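Engineer: Supplied in structure tokens, the structure appears directly below.
The values are calculated or read from the model by the stated rules, or taken from the named source; none is laboratory data. Please read all numbers here as calculations on a predicted model, not as lab measurements. Ideal geometry is used to build each Cβ from the backbone, glycine not excepted, and the neighbour counts take in all protein chains shown. SASA here: full protein model, heavy atoms, side chains in, ligands and nucleic acids out. Shrake-Rupley method; radii C 1.70, N 1.55, O 1.52, S 1.80 Å.
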Amino acid sequence: MTCTMASTFTSHKNGYSPTGKQIEYPDAAIAEIIGNGFFIVDQQWTVSSWNHMAEELLGISTADIVGKNVWAPFMDAIPKDFYTAYYRALLQDVPVHFTIYWPKMKNWFDVTTCYFDDFLSVSFKGRKNPEDHKPLLRQHKCLNDMYRLITEVTTDCLWEWDLLSEQIFWIDGGHKRVFGYEIQNALIPQRFWEARLHPDDKVRVLTSAHQFFAESSADYWEQEYRFQKLNGEYAHVHDRGHIVYNQGKRSSRMIGASQDITARKSAESQLLRSERNLARQQLKNQKEIVAAVLIAQEKERANIGKELHDNLNQILGAAKLYIELAKTDEEDRDMLLQKSVGYIVTVIEEIRDISKHLATPRLNVMGLAESIKILVEDVMRINPIHIQFQESGIHLEELNEALQLDIFRIVQEQLNNILKHANASQAEIQLAKSNDILELVISDNGVGCDITTSNEGVGITNIMSRADLYQGTVSILSHPGEGYVLKVGFPIKASRQLEKK
């Protein structure tokens, strides 16, 4: 969007909406209403714009000053400090604010300058108030103070954008408070705003604005982008402006507000990072679960293979040998066959034990508690350990079969860990329900371990993976020589939701 700088500040009649309905809007631009004088000069101090308040405050008409050197009418009355302040403003690429006294005018002036692209935009306001307007001024001051307090508790920065002159009026002190620029009730060139758009956002924002002004039939323009602050940092900004059309249905200006949404964007980015980290962690956990299952399967297969090869194979070999001997030894045939039968019976019992360990228990027939009791009895029958099992508050109708099976496998896995590693003489299994949590506690009086230094084995990883399926929790309490306690909690509600899925 480019056009030449307007020679005078434009004022407008009441605006029109895209449907052609006249809307209530000030007859003049805010820059003409606010009471500030404005003018624009180039590097040779030639005036290109001069508003009516500049005429009133400085006593020179637009027709007499536009196109001429701004200092010419005041050559004999300009104080040195006044000229120096303006000259320094030409050397700055950011807005400058200062207060200065002009003896000839017998007045103090608040001045804001903004230099950009070889032009110096100047906004100024006199401080002297006529004595005969004190009541009106007090009322005006009261309204201004109330408005100032409102603006100080919001992050909105108000502005009016003159599309014809390509100038933006920054209203009050929002832009100073949020972005740090010394601009309050002052005009800035549109190019100053454009230059501070983030390079990655600039084309998108300007293209959106250009298309909206040229083609849109809507009342509002809205964009989010990053805007450079005075300290060089970028703030995330949400802009929303109300477009005003002239009688020719052409967009002429827009009034709106910029809101600093950096905190919101930061929170969204943090949430997004957290979600990504959570997704990565879930993927990592899933891989660990798969790895643990595969390792457990391979370990189980290795154990079965070892048992078949080193034990059952040898027993069957001995049975075969006795049968072969019985064929030729008539005297000891009965004894040899009897031994062969004994060896075959042993193999059958071993295969039954292996099958019982591998087969899925019929929980829907025996129930979880009864299945655990049978498991405990089988373990104590062939191992020198006493295991006590207690359950309370358990109602099978509240637990789906998948959850019951996983609890059984956890008990089975932990008992295997105790037999292999704990060197324990006693163990206890407690299964109880408290509120909506089903808690499984398995403890032993074995050698224990230092949980701060010991690595989690495949068995514990497998237990954790089963608990994760139901959003469960796993905690371990152990010290060297003081036994081992495993606690697993299952939210029953989560297990029901998983069953529905």
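Engineer: Name the pairs whose Cβ atoms lie under 8 Å apart, with the first residue in the stretch 468-486 and farther than 7 Å from Gly448 by Cα and charged (D, E, K, R), the second at pLDDT below 90 and open to solvent by less than 80 Å² (accessible area, probe 1.4 Å), and 6 or more positions between them or separate chains?
Structural biologist: Asp468/Asn285; Asp468/Ile289
Engineer: While we're here: Restricting attention to the stretch 373-392, which residues are within 16 Å of Leu440 (Cα to Cα), outside any helix (DSSP H, G or I) and open to solvent by less than 40 Å² (accessible area, probe 1.4 Å)? Please lay out each step first, then the result.
Structural biologist: First, the residues of the stretch 373-392 that are within 16 Å of Leu440 (Cα to Cα): 373, 375-376, 387-392.
Checking which are outside any helix (DSSP H, G or I) leaves us with 387-392.
Within the stretch 373-392, Ile387, Phe389 meet the criteria.
Engineer: Could you give me the residue pairs with C-beta distances under 9 Å whose first residue belongs to the stretch 311-330 and is more than 22 Å from Asp353 (Cβ to Cβ), whose second residue is open to solvent by 100 Å² or more (accessible area, probe 1.4 Å) wherever it lies, and which are 6+ apart or on separate chains?
Structural biologist: Pairs that qualify, where the first residue is more than 22 Å from Asp353 (Cβ to Cβ) and the partner is open to solvent by 100 Å² or more (accessible area, probe 1.4 Å), are Tyr322/Gln338; Ala326/Asp334.
Engineer: Of the conditions (1) modelled with pLDDT of 90 or more; (2) crowded, with 16+ Cβ neighbours inside 10 Å, Arg253 fails just one. Which one is it?
Structural biologist: Condition (1) is where Arg253 drops out.
Engineer: Hey, among Ser274, Ser258, which residue is assigned to a helix (DSSP H, G or I) and either under 22 Å from Gly173 (Cβ atoms) or small (Gly, Ala, Ser) (or both)? Working first, answer last.
Structural biologist: Details: Ser258 fails: assigned to a helix (DSSP H, G or I).
Checking each option against the conditions leaves just Ser274.
Engineer: Could I ask something else about it? Grab the helices (runs of 4 or more DSSP H) fully contained in the stretch 116-196, keeping just those with 3 or more residues being at pLDDT 55 or above, out of contact with any Gly (no Cβ under 7 Å at 6 or more places or on another chain) and within 20 Å of Tyr225 (Cβ to Cβ).
Structural biologist: Correct list: 174-179, 190-195.
Engineer: Step by step: first the residues of the stretch 419-465, then only those that are among the charged types (D, E, K, R) and in contact (Cβ under 8 Å) with a residue 24 or more places away in the chain, then the one that is most open to solvent (accessible area, probe 1.4 Å). Which residue is that? Walk me through how you get there before you give the answer.
Structural biologist: Restricting attention to the stretch 419-465, the residues satisfying the condition of being among the charged types (D, E, K, R) are 420, 428, 433, 436, 439, 444, 450, 456.
In the following step, the residues that additionally are in contact (Cβ under 8 Å) with a residue 24 or more places away in the chain were identified as 428, 433, 436, 439, 444, 450.
Values: Glu428: 52, Lys433: 66, Asp436: 53, Glu439: 87, Asp444: 21, Asp450: 63 Å².
The qualifying residue most open to solvent (accessible area, probe 1.4 Å) is Glu439.
Engineer: Taking Leu283, is it outside any strand (DSSP E or B), open to solvent by less than 80 Å² (accessible area, probe 1.4 Å) and either free of Cβ contacts under 8 Å to residues at least 60 places away in the same chain or not hydrophobic (A, V, I, L, M, F, W, C) (or both)? Explain how you work it out, then say what you get.
Structural biologist: Numbers: outside any strand (DSSP E or B): yes; open to solvent by less than 80 Å² (accessible area, probe 1.4 Å): no; either free of Cβ contacts under 8 Å to residues at least 60 places away in the same chain or not hydrophobic (A, V, I, L, M, F, W, C) (or both): yes.
The answer is no for Leu283.
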